[in-house]
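What follows is a set of notes on a single structure, which appears directly below.
What follows draws every value from the coordinates through simple rules; no lab data is involved. Note that this is a predicted model, so its numbers are computed, not measured. Positions of Cβ are generated from backbone atoms using ideal geometry, with glycine treated the same way; all protein chains shown enter the neighbour counts.
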């Protein structure tokens, strides 16, 4: 989902921000609202995949299920602790770890749900913005440098325009 959101957001930025100096009012609001929604959806998706390590808590922990607790122990220490545990201690640690994992999974699913909802709002905003404010109307023509680049790339325009653009590359 993150890859799709980043791709759509990048395409939206490229498409919508071409000639911001000539847009205003509702068009500018639509562009900003769309880009903010797509940016927020990417941020929420990052909240799903970004690891949250409780460094202080894991340094103090003594459990044998969480990798943060085990990272400071040697193989021999882990084996010794496993051997010394009774069934009640095993169940207690397992129950505690299951509860922590459930909270983490719930939080990640909440971030994912928010990401999807905001992404849909952003895509709807993108479609409406493109439909309501076409890019090549009488009031909104591409800027001259962009038009020169398009002309040079398509072979249209004078030889001097094409060589001028080629020299700038």
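Annotation for residue 67 and residue 53: the two label points, set 7 Å from Cα along the Cα-Cβ direction, are 0.9 nm apart. For a modelled paramagnetic label at residue 17, 7 Å from Cα along Cα-to-Cβ, the residues of segment 32-52 in reach, with backbone nitrogen under 14 Å, are 32-40. Subtracting the Cα-Cα distance of residue 110 and residue 132 from their residue separation scaled by 0.36 nm leaves 4.7 nm. In plain terms, the chain from residue 96 to residue 77 could stretch by 4.7 nm, reckoned as 0.36 nm per residue minus the Cα-Cα distance. In terms of other Cβ atoms within 10 Å, 109, 83, 27 run from fewest to most in the order 83, 109, 27.
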